[in-house]
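Only one structure is covered here, and it is reproduced in the block below.
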Amino acid sequence: MVKIKIDGIEYEVDEKKNLIDACAEVGVEIPYFCYHPALSIVGMCRMCLIEIEGVPKIQAACNTPVKEGLSIITKSQRVKEAREGTMEFLLANHPLDCPVCDKAGECDLQDNAFSVGKGFSRFELEKRNIPQEEIGNNLLINHNRCIICYRCVRFEEEIVGESNLGLFQRGYHSIIGLAKDKPIDHNYQGALADICPVGALLNKNTLFKSRVWYYKTAKSICHGCSTGCNIETNVRDNKMYRYMVRENREQGLYFLCDKGRFDIDWLNENRLFAYYENGEASESTLVIPKIINKIQTANKIAILGGGHESNENLATILNESRKWKKEIIYEVRVTEGQYNPKQVDFLMTNDPHPTTRGGIELGMTNPNNLEGIISEFNLGKIDLLFIIKEDLPQEISGNGTVVILHTNITDSVKKAHFGVPIKAFAEQFGSFTNKKGIKQQFEIAMNPILGLPSSGEFFRRLSLELLRSKKEALVGKR
Ligand code: SF4
Ligand code: SF4
Ligand code: FES
């Protein structure tokens, strides 16, 4: 930690931080566009101008090292005029597009124009008008809105490791464009639109879907893989519209991949809301007694999957099923990526489960793995198999009973003897444990339909029904 002065007041700040972040931490906001904590510093936008005591010229804060004794001025008339000048230059060529721009409401240019801009423009010439282009299979660029902050080019080169974008021509004619003759097709096109501080980069599949101020937001965790990126859910009319990144600097999580970010349709469509029996929709009052009967008569039970469920649901499933006084084996690992986890790229892993680690830490594994359970089931040694939000393993055969708990109507739900509807993670509070063993909480983002149980609540209900039928049997004997 070092001592620095900001506007004459002494603060203790972390010298490893960028000056913009160090100031923000003590409550002093410095406006910026091109600075991003995960990218190199280029000092291109000139929005973060400050005065440094002892330095005659005005300086960029993002480029100023934090060191003992540094004294900066962020609120002088000179700083005010410098920032107004930057805003005026940036807006000279920026269209008055806010009413039709997807970024409106979460645009840094709007925010900075309101907070440090002049409020009027002296620019009277014709603004440039370059046609919008498709530069990725899910990415558009509106050149007129671009402020040449270079974030997108740096993100491509420094984070994704590809050089798809470049800055071409000079001055008034400067334009961000494809550096190769093929469009971008990587897993981070959503992140590109996200880090663009204005509405220049846009994702096609979220274009014009909703105004951002209509969203109800919640703090959540991406369900897409074991990395556990922190997200903010954007829900409108109880439908999931978007996942947006929630930066977690401690874990170095600043971006989302497209696979996780755009995998939201399953929360809105094709949901399983009815109990199923032999491929047909049924009712809880018909299905649950039959499952109870199968538990009572089972010799050995297996519970497979659970890597998509919260740690809390998994703990309840374990606690409740142990009350049944039956031989039960558990296995949370049902895919290759759960047995041999690997990084697919800088962020995403090959394990498409958010809490495999949570299941393993709770003890939901068995030494014979998935194969052991399948072979015991096929040989008739296991006669009741619960599968939690997973597909029916292909190799499965035999005469035992299969119960699938799921959020969606899948082929496996239709093929199983019984299908049980459960809440999606976004419809409940809970936590996932990511690949590093970090337990992260998520909030409720959508309202579940009335009466829909979570997987844990369903197992609790089974325990209560078993107890009740035991009591009824005792009363009947008297
Ligand atoms: S497209 Fe967006 S991120 Fe890229 S330089 Fe322009 S404003 Fe910056
Ligand atoms: S890397 Fe994993 S956790 Fe992060 S956004 Fe992608 S799928 Fe979701
Ligand atoms: S944020 Fe400092 S110059 Fe852009």
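Observations on the model:
- Quotient of Cα Rg and 2.2 N^0.38 Å for region 82-166, N being how many residues it contains: 1.22
- Overall form of region 343-478 per C-alpha gyration tensor (a/c, 1.5; a/b vs b/c): oblate
- Distant alpha-carbon pairs in the chain (separation over 31 angstrom), percent: 54
- Volume of the Cα convex hull of region 2-75, divided per residue and given in Å³: 83
- Selected from 274, 123, 297, residue furthest toward positive end of dipole (the chain; charges at beta carbon): 297
- Projected label points at residue 381 and residue 84, each 7 Å from Cα along the beta carbon direction, are separated by 8.2 nanometres.
- Remark: region 170-232 carries a charge dipole of roughly 180 debye about the Cα centre, counting +1 on each Lys and Arg Cβ and -1 on each Asp and Glu Cβ.
- Violating pairs (Cα-Cα greater than 28 angstrom) within the set 3/57; 294/414; 182/219: 182/219
- Centre-to-centre, using Cα atoms only, region 195-256 and region 404-447 are separated by 19 Å.
- Think of it as helices only: each DSSP H run of n ≥ 4 in the chain is worth -39500 (n - 2.57), and spread over all residues that comes to -7500 deg cm²/dmol at 222 nm.
- Using the Cβ-Cβ distance between residue 5 and residue 92 with R0 set to 41 Å, the FRET efficiency works out to roughly 0.75.
- Between residue 273 and residue 444, the FRET efficiency estimated from the beta carbon spacing at R0 = 25 angstrom works out to 0.90.
- Difference of contour (0.36 nm per residue) and Cα-Cα distance, residue 475 to residue 284: 66.3 nm
- Ordered from longest to shortest, the equivalent ellipsoid semi-axes for region 242-383 are 32, 21, 14 Å, each the square root of 5 times a Cα gyration tensor eigenvalue.
- The chain - Cys residues lacking any other Cys C-beta under 4.7 Å: 23, 48, 62, 98, 101, 107, 146, 152, 196, 225, 257
Just so you know, all these numbers are worked out from the coordinates, no wet-lab data involved. Predicted model only: the values in this text are computed from it and were never measured. Here Cβ is always computed from backbone atoms with ideal geometry, including for glycine, and neighbour counts include all displayed protein chains.
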